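So the structure is just underneath, and the comments pick up after that.
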Amino acid sequence: MAFAAVFKRHTLRACLLAFLPAAAFSVYAADGNPTLSGGDTTFTGANSRAPFSQPADNLSLKRRMDFVLGEAIFEKIWVPSPSSTTASDGLGPLHNARSCSQCHINDGRGHPLNGNNDRLASLLRLSVPADTPERQREAQINGLAGDPVYGSQLQPFAVAGLAPEGRVSLDYEYTSVELADGTVIELRKPVVRVIQPGYGDFDPALRSSFRIAPPMIGLGLLEQIPDTRLEALADPEDLDGDGISGRINRVYDRSRDRLNIGRFGWKAGQPTLAQQNASALNNDIGIGNPIYPAASGNCTQQQSLCLALPDGNTAQQGGLEASAEMMRVLNYYTALLAVPAAREQADPQVQLGRQVFMKAGCGGCHTPSHVTSRNTAFPELDSQTIFPYTDLLLHDMGPGLADEHDEFSASGPEWRTAPLWGLGLTERVAGTPYYLHDGRARTLLEAILWHGGEAKPARDHLVQLDKTDRDALIRFLESL
Ligand code: HEC
Ligand code: HEC
């Protein structure tokens, strides 16, 4: 069976390589094949109903058990304490959701709230300026100082007997852009308000950042892009004069007790998958774990009732709500979720679109390919040529996309280049097609038209394109 799987992959690769003209490779790494976006880990099964939920294709059957266990944690619905199911209790007390998969829908992305009855698949980050020694200390560890009462994100849910923190209400401001050929595109920008605040006034200097959950594919591969590669791509002073700078976010790595390169989150505020997952479990669901041990999650000192409620710490979980072993399998799952193969890469329109993409300067940030480092913990991720279309760096995207919220060295207008792999399957996986950090863009074209700052020349290039080139560019993005 293992032989059949390997044979299938190699045959497929040979066929695809034969289809692609050599010229299409010139801008890519060594001998990579852009169809196999995740190298040998790529999921190549056709027409799957869950294309973002597959294990790395080269994960042997023997190594699949931990993936399955990790998937169960990702989908687990947590319950409040006390409860008879000690492996699943400890919810909240304040929380955003009861499972990871509620926001990362089918391992894909979330969406902005769509009316009152919509299920939440997003969150609102909160911060205040780090202008006192105490707030500076908090910002050194967490990247930002949270609201003194509400903490660093708004929790719209609470266990019985406790007030939730409030709800997000979204309105939209509409504007329109006229493209060179006369086509008019309407854009919308969310105006975020908090309604029914449960704990009194927010800090007068409160800033917020509304974000949808990003997709979960290929994250282990992104973690394995060598630091030296990211350092080589960074050009903070724009010494090469191409108008694109690109900075590394240096963020606090709790396990190593030092600064490390930020890779995860819309502002690259988390250094490792392990820390990102642990933070999500603690802040979004309220579950204490080895890296973020507080059983009370994101409750602040001002929220005394929240702190006093029963926790779910048990001896079976190493004195916590989630043990190191539970986190190990969760991390395993999130590291090995496969990227689906790109589609129709030999199609002439897709190939034209790829050329337009590079000519417009998109590849200046959406770096097509990388080679992952040597890896012994995850042999599946070792030395793979991958096509994520990101440099993982921060770019100033201009005032249109800016929030006022800093995260370590990322400022309001700075965002991490979003990976583009899997983009064309967004709606099929998550049920809705919403792009950018706050899901404001309803189409890929809208997403590009919001690009400003360092990306303004690329956006202006798009505005000038004729319909043939524009359609080809979108078709290329949909093929990824
Ligand atoms: C309430 C919605 C919500 C829940 C529940 C949630 N997440 Fe997330 N997740 C997000 C958002 C929003 C982001 C982006 C965060 C940011 O930019 O700061 C994110 C980011 C991530 C990332 C980084 C992905 C990337 O491309 O950088 C990972 C990994 C992740 N979450 C894992 C988890 C895990 C594991 C759980 C469960 C323990 C979980 N999330 C629960 C909303 C959620
Ligand atoms: C200066 C760097 C830069 C350039 C140049 C650039 N982008 Fe981006 N792109 C980004 C960043 C950063 C984001 C995330 C912005 C956000 O979420 O607010 C992004 C997001 C996107 C998204 C949305 C992805 C998602 O998951 O929601 C698409 C689509 C996209 N870019 C396509 C393009 C195309 C096509 C071009 C060329 C016309 C381009 N970009 C040029 C930096 C860049």
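The values are calculated or read from the model by the stated rules, or taken from the named source; none is laboratory data. Remember, predicted model here, so these are calculated numbers, not experimental data. So basically every Cβ, Gly included, is an ideal-geometry build from the backbone, and we count neighbours across all protein chains shown.
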Quiz item: If you go through region 431-449, how many residues are within 7 Å of ligand 2 (Cβ to nearest atom) and either part of a loop (DSSP other than H, G, I, E, B) or basic (K, R) (or both)?
Solution: 2
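Of all residues in region 140-150, how many are touching a Leu at 6+ places or on another chain (Cβ under 7 Å) and either farther than 13 Å from P197 by Cα or among the acidic types (D, E) (or both)?
Kept after step one, since they are touching a Leu at 6+ places or on another chain (Cβ under 7 Å), are these residues of region 140-150: 146-147, 150.
Now restrict to residues that are either farther than 13 Å from P197 by Cα or among the acidic types (D, E) (or both): 146-147.
Residues flagged as touching a Leu at 6+ places or on another chain (Cβ under 7 Å) and either farther than 13 Å from P197 by Cα or among the acidic types (D, E) (or both) within region 140-150 amount to 2.
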Quiz item: If we keep just the residues of region 404-422 that are more than 9 Å from ligand 2 (Cβ to nearest atom) and of a type in the set (D, E), which is farthest from the chain's Cα centre (by Cα)?
Solution: E404
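Quick one: would you say S127 is crowded, with 18+ Cβ neighbours inside 10 Å and either in a strand (DSSP E or B) or without any contact (Cβ under 8 Å) to a residue 40 or more places away in the chain (or both)? Before the answer, list the steps.
Values: crowded, with 18+ Cβ neighbours inside 10 Å: yes; either in a strand (DSSP E or B) or without any contact (Cβ under 8 Å) to a residue 40 or more places away in the chain (or both): yes.
When the stated conditions are applied, S127 passes them.
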Quiz item: Among the helices (runs of 4 or more DSSP H) confined wholly to region 277-373, which include 2 or more residues that are within 16 Å of ligand 2 (Cβ to nearest atom)?
Solution: 348-359
Quiz item: Taking region 144-153 only, how many residues are touching a Lys or Arg at 6+ places or on another chain (Cβ under 8 Å) and not hydroxyl-bearing (S, T, Y)?
Solution: 3
Practice problem: Mind counting the residues in region 70-97 that are under 26 Å from I212 (Cα atoms), in contact with a helix residue (DSSP H, G or I) (Cβ under 9 Å, 6 or more places away or on another chain) and surrounded by fewer than 19 Cβ atoms within 10 Å (Cβ to Cβ)? | Solution: 3
Quiz item: Does any residue of region 225-237 turn out to be touching a residue at least 40 places away in the same chain (Cβ under 8 Å), in contact with a His (Cβ under 6 Å, 6 or more places away or on another chain) and surrounded by 22 or more Cβ atoms within 10 Å (Cβ to Cβ)?
Solution: yes
Exercise. Kindly indicate whether S37 is under 22 Å from Q384 (Cβ atoms) and part of a loop (DSSP other than H, G, I, E, B).
Key: yes
Exercise. Restricting attention to region 197-224, report how many residues are buried (at least 23 other Cβ atoms within 10 Å of the Cβ) and of a type in the set (S, T, Y).
Key: 1
Self-check item: Selected residue (only one of G286, G220 is touching a strand residue (DSSP E or B) at 6+ places or on another chain (Cβ under 9 Å), within 13 Å of ligand 1 (Cβ to nearest atom) and within 30 Å of S169 (Cα to Cα))
Solution: G286
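Determine whether R428 is outside any strand (DSSP E or B), touching a residue at least 40 places away in the same chain (Cβ under 8 Å) and away from ligand 1 (no atom under 16 Å from the Cβ). Full working, then the answer.
Details: outside any strand (DSSP E or B): yes; touching a residue at least 40 places away in the same chain (Cβ under 8 Å): yes; away from ligand 1 (no atom under 16 Å from the Cβ): yes.
Answer is yes for this residue.
Give, as residue ranges, the strands (runs of 3 or more DSSP E) completely inside region 137-242 that count at least 2 residues that are acidic (D, E) and either modelled with pLDDT of 95 or more or at negative phi (or both).
Values: elements: 167-178, 184-195, 207-212.
Qualifying strands (runs of 3 or more DSSP E): 167-178.
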Quiz item: Applying the selection to region 92-124, what residues are small (G, A, S), away from ligand 2 (no atom under 14 Å from the Cβ) and outside any loop (DSSP other than H, G, I, E, B)?
Solution: S101
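Would you mind finding the one in I291, I287, I244 that is of a type in the set (A, V, I, L, M, F, W, C) and not assigned by TED's automatic domain parsing to the domain that holds L124? Walk me through it before giving the result.
On the way: I291 fails: not assigned by TED's automatic domain parsing to the domain that holds L124; I287 fails: not assigned by TED's automatic domain parsing to the domain that holds L124.
Every option except I244 fails the conditions.
Do we find that I248 is within 27 Å of A447 (Cβ to Cβ) and either more than 16 Å from ligand 1 (Cβ to nearest atom) or within 27 Å of the chain's Cα centre (by Cα) (or both) in this structure?
Working: within 27 Å of A447 (Cβ to Cβ): yes; either more than 16 Å from ligand 1 (Cβ to nearest atom) or within 27 Å of the chain's Cα centre (by Cα) (or both): yes.
For I248, the condition - within 27 Å of A447 (Cβ to Cβ) and either more than 16 Å from ligand 1 (Cβ to nearest atom) or within 27 Å of the chain's Cα centre (by Cα) (or both) - is met.
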Quiz item: Is it true that D257 is touching a Lys or Arg at 6+ places or on another chain (Cβ under 9 Å) and free of Cβ contacts under 8 Å to residues at least 12 places away in the same chain?
Solution: no
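Do we find that T468 is at pLDDT 95 or above, buried (at least 19 other Cβ atoms within 10 Å of the Cβ) and either of a type in the set (S, T, Y) or outside the structural domain of P348 (by TED's automatic domain parsing) (or both) in this structure?
Working: at pLDDT 95 or above: yes; buried (at least 19 other Cβ atoms within 10 Å of the Cβ): no; either of a type in the set (S, T, Y) or outside the structural domain of P348 (by TED's automatic domain parsing) (or both): yes.
Considered against the rule, which asks whether it is at pLDDT 95 or above, buried (at least 19 other Cβ atoms within 10 Å of the Cβ) and either of a type in the set (S, T, Y) or outside the structural domain of P348 (by TED's automatic domain parsing) (or both), T468 comes out as no.
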